[in-house]
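The values are calculated or read from the model by the stated rules, or taken from the named source; none is laboratory data. Predicted, not measured: the structure shown is a model, and the values here were computed from it. Virtual Cβ from ideal backbone geometry, glycine too; neighbours counted across all protein chains shown. Only protein heavy atoms, including side chains, enter the accessible area calculation; ligands, DNA and RNA are left aside. Shrake-Rupley method; radii C 1.70, N 1.55, O 1.52, S 1.80 Å.
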Amino acid sequence: MDLKSNHTAPVLTDPAPINKSRLGVSSMLPYSRTAATAYSAGLFLTIPRKKTGILDDVRSSSWLDAMKSSSPPHKIKTKDVNNDYALSDADVAYNTWLVKYPSAIASFEQIANHAKGKRIALFLDYDGTLSPIVDNPDCAFMSDAMRAVVKKVAKYFPTAIISGRSRDKVYDFVGLTELYYAGSHGMDIMGPVRQSISGDHPNCIRSTAEQGKEVNLFQPAVAFLPMIDEVFRSLVEITKDIIGAKVENNKFCVSVHYRNVDEKNWNVVAQCVNDVLKDYPHLRLTHGRKVLEVRPVIDWDKGKAVTFLLESLGLSNCDDVLPIYVGDDRTDEDAFKVLREGNQGYGILVSSEPKESKAVYSLRDPSEVMEFLKSLVACKNSSAL
Ligand SMILES: O=P(O)(O)OC[C@H]1O[C@H](O[C@H]2O[C@H](CO)[C@@H](O)[C@H](O)[C@H]2O)[C@H](O)[C@@H](O)[C@@H]1O
């Protein structure tokens, strides 16, 4: 299959922007009505085809707006003469937002009541959820305390990590063999063995994990590996003179980080990505926290990964199962949506600033995630779940 052939259009975009008003990159790219169809492992995705390059968009302010809006601003507390600390506008906005997305800690009793008699399945994003966001992506370590809590929850509930990182890298960070791992935004899943799943999905193979256990390995974008590798090398080369830019190979996707790039050069980063991607109509671009993410145009995302894992665990279509998904990133919205639309379980958004989301509850940061997980463990220990 020649994934590069037969195209007139350069860059593809995220087919389902979460919130156009937040100016994600995907919401800025105009497309013709012509469609291109990509294929990988039986997964078809019809995507709009772009008529011109994204150069104009890169030059327009909307690209930069999107790049600037991709991470919460630092909060500044203002000292007040009468109070120790007055609430800033940001605090007021956050408290108002909490009405729509209540804290999963404050609402814990409600969640526990709903979970009574049900089997919880836990899905956890990594960056920004289990580990705090840091400048160097290679140093996004989770704390030992967090690891210990995740280990404990996994003792009681089937638990999977679903990350944009490569599966190997996220496993290196977490280091717990009792979990299931889905890397590359769900495009590389190592889950439990279940015969019906292997039969249903052509790219699902039986394999043996490092620790010797039998697993199912599902890699729906396997046909894209050479292309992703090629694009990774081109992106490294083209961005090598941009101070602070970092290109990360996440196996089935590539991250182009601009967190450490001077803001006046963000348009240069965007332009470089555009220049490389214009030759790859079967790759699309999404936008995370100070990162541009290049990924295959296949109909697969973190939401599909959750559905797949629930099936693999024998937990799909069961009234007594309560999936809980905790994540901070745009890509986690696909999973929140699956849970919301299936009227099944809860999405919990980790955010310290107001954001539109398909999640039901919220947590402010990884330390609150840890507190929430501890509450789940305590509840189970006390037989309240
Ligand atoms: O799905 P996730 O596990 O949340 O992964 C999403 C991306 O996370 C990483 O980047 C983000 O975290 C870095 C470390 O804190 C930070 O430096 C960067 O600015 C963030 O975008 C990871 O490096 C990416 O590859 C993941 O796609």
- Message: Per residue, how large is the accessible surface of region 255-322? Use a 1.4 angstrom probe and give square angstrom.
- Response: 29 Å²
- Note on the structure: To the nearest 0.05, the calculated FRET efficiency linking CYS139 and LYS240 through their beta-carbon distance, R0 being 22 Å, is 0.55
- Message: If you count only protein heavy atoms and use a 1.4 Å probe, how large is the accessible surface of LYS251, to the nearest 10 Å²?
- Response: 80 Å²
- Full extension from ASP279 to THR96: what is 0.36 nm times the residue separation minus their Cα-Cα distance, to one decimal in nm? 61.4 nm
- In terms of solvent-accessible area of protein heavy atoms at a 1.4 angstrom probe, what is the ranking of ILE243, ILE162, ILE238, highest value first? ILE243, ILE238, ILE162
- Note on the structure: For PHE123 the rounded accessible area (nearest 10 Å², probe 1.4 Å, non-protein molecules ignored) is 0 Å²
- Under a 1.4 Å probe, what is the accessible area of region 144-197 per residue, stated in Å²? 35 Å²
- Accessible carbon and sulfur surface of region 166-325 relative to its total accessible area, %, 1.4 Å: 47 percent
- Query: So how exposed is THR239, as accessible area in Å² (1.4 Å probe, rounded to 10)?
  - Reply: 10 Å²
- Message: Under 8 Å for C-alpha pairs, at least 6 residues apart: give me the relative contact order for region 144-300, rounded to a whole percent.
- Response: 16 percent
